[in-house]
1. Rolling a 1.4 angstrom probe over the protein heavy atoms, how many square angstrom per residue are accessible across segment B:39-294?
2. Could you give the nm distance between label points at B:LEU256 and B:GLU402, where each point is 7 Å from its Cα heading toward the beta carbon?
3. Leaving out ligands and nucleic acids, and using a 1.4 Å probe, what accessible area per residue does segment A:1-61 come to in Å²?
4. Assign one of three labels to chain A, namely rounded, prolate or oblate, based on the Cα gyration tensor with a ≥ b ≥ c the square roots of its eigenvalues; rounded applies when a/c is under 1.5, prolate when it is not and a/b is larger than b/c, and oblate otherwise.
5. With each pseudo-label sitting 7 Å past Cα toward Cβ, what's the A:VAL50-B:LEU131 distance in nm, one decimal?
6. Nearest 0.05, what FRET efficiency do B:GLN317 and B:ASP388 give at R0 = 25 Å with Cβ-Cβ as r?
7. Return an integer: the convex hull volume of the alpha-carbon atoms of the protein assembly as shown, in Å³ per residue.
8. Rank B:ILE209, B:GLY325, B:LEU153 by how far each Cα sits towards the positive end of the charge dipole of the protein assembly as shown (+1 on Lys, Arg Cβ; -1 on Asp, Glu Cβ) and give me just the farthest.
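The values are calculated or read from the model by the stated rules, or taken from the named source; none is laboratory data. This one's a predicted model, so the numbers in the text were calculated from it and none came from an experiment. Backbone-built Cβ (ideal geometry, glycine too); neighbour counts: all protein chains shown. Ligands, DNA and RNA are stripped out before the accessible areas are found, and what is left, the full protein with its side chains, is counted by its heavy atoms. Shrake-Rupley method; radii C 1.70, N 1.55, O 1.52, S 1.80 Å.
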Amino acid sequence: MSELRELYQEVILDHNKNPRNFKKLDLHSHHANGHNPLCGDKLELFLDVVEGIITDISFVGSGCAISTSSASLMTQFLKGKSIEETRHYFDNFHDLVTGKELDDEALEGLGKLAVFAGVQEFPARVKCASLSWHTLINALDSVDEPAATE
Amino acid sequence: MFDVNKVRSDFPILGTTVYGKPLVYADNAASTQKPQQVIDSITELYSNHYANIHRGVHHLSQKSTALYEAARETVKNFINARQVEEIVFVRGTTEGVNLVASSYLEPRLEPGDEILISEMEHHSNIIPWQLTAERTGAFLKIIPLLENGDLDLSALPDLINSKVKLVAVTHMSNSLGTINDVSRIIEQAHAFDIPVLIDGAQSIAHMPIDVQKLDCDFFVFSGHKIYGPTGIGALYAKENHLLNMEPYQGGGDMILNVSFEKTEYNDIPYKFEAGTPNIEGTIGMAAALKYVSELGIEAIDEYEQELLAYAAKQFSQIEGLKIIGTAPKKGSIISFVLDGIHPHDVGTIMDMEGVAVRTGHHCTQPVMDCYNIPATTRVSLSFYNTVDEVDQIAKAITKVKELMG
């Protein structure tokens, strides 16, 4: 059960039940849809970027606890960050959930997102945790097609 | 009395553990485990009899050919076809459906024609027809699903007319467990001379199949869903259909004479078996069918129905659990959703308890759309599952609820 507790930590369960920034943004500069065809997770991400800074970010959709909490924590984390930093965080987050070695500075930089380290023990769930991040990159690159984890 | 403990000892994998817990394998609708008899049949072939078939004059080739053709006889007997020529070996149900779509249906379709399928079909009994329809200008028509998971067969008179060129329906739903009244569908289609294909991927392992009694035109199934190897299955087609069908793939073994001007095709069923076939798969599948026959498909059916009833009763007592698919006639499949908990989380947590279930849309997205859910958790039981295992599954579901709060 310890791996399971590691995966489903309190903060993840909390963000699953009460996702933050869970709404559509009427005013937004970037937008993308994400879809994981394997499990049917769907999310829609909205960003308002002003002078290279994410001033507002939100999402709506439905998915498992890992994908919902990951999207929720991501939106909290990225508000106020620059686009440049954001791409850097994407790489670090991806390394975190796929079990690649992260140095202390990179790990600390991810803050609360470090709770997703437990995902690396569950390869089938990596796509759940990373769906919102892939969707984010698509939104920033203004790709009109839905982001897919496949 | 069905001796489940004796049966279990035939399946080596059932004695293994997952995360230190005894394996409870409840993903049988996806694929079944293999008894020692099937494993041995393949080892025996490779160790003593293997060579290519239908070609060599040498001893081993003749031996392999005899085993391969004996397997065809086994399939014929298992589903009670009239003759062995009506059995075509294919890679599985999917290839069987594609073969019928390409070789039988497509040359007969005109723009505006219709293909009738149902709302509960597996993607493999939707997409081959969709592709054929797109190429010919034909349309798919759909028999609708009722809330309880039955097909609405009262819609048939409105759907069946002379524009319909083929009806393709599943015998047993892989996501809902519903056993369809295919005899009624076949009877109504035949009244308009419309041929019917039955997708037997699920039904083959759970109930006696008699293609003559059903009077279906085509019946397809996969070996791996009935305790045999993957990559092998069979298509049954009535002889008069096979005789009037185009070849599916070109290659060796499906020909009598080849020149650059013209090729004369082999007789049925070889005309549809181009290239060196899956010899070991075919022989393994025959061993599986023999194994099931020895246990007795009626005895299997009876035992599984008891297990299903017990599981449905136990699961219904779990608060917040809703069973998706409650048709009166069902095979041993229970799909369910848990209030506020996504099936993907359910699957991961049950796995850690040693319980293998399937989560997702089960390749039946239209069914999920019909119930307005993204996915379900599916428990699919076999004759080797026990009442104790059902209790363990129920316990694992309770654990999911505890953990996810």
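1. Using a 1.4 Å probe on heavy atoms only, each residue of segment B:39-294 averages 40 Å².
2. Going by the 7 Å Cα→Cβ label model, 7.0 nm.
3. 51 Å²
4. It comes out prolate by the Cα gyration axes.
5. Spacing of the two 7 Å Cα→Cβ label points: 5.2 nm.
6. Efficiency, rounded to the nearest 0.05: 0.90.
7. Dividing the Cα hull volume of the protein assembly as shown by its residues yields 191 Å³.
8. Final value for the positive-end residue is B:ILE209.
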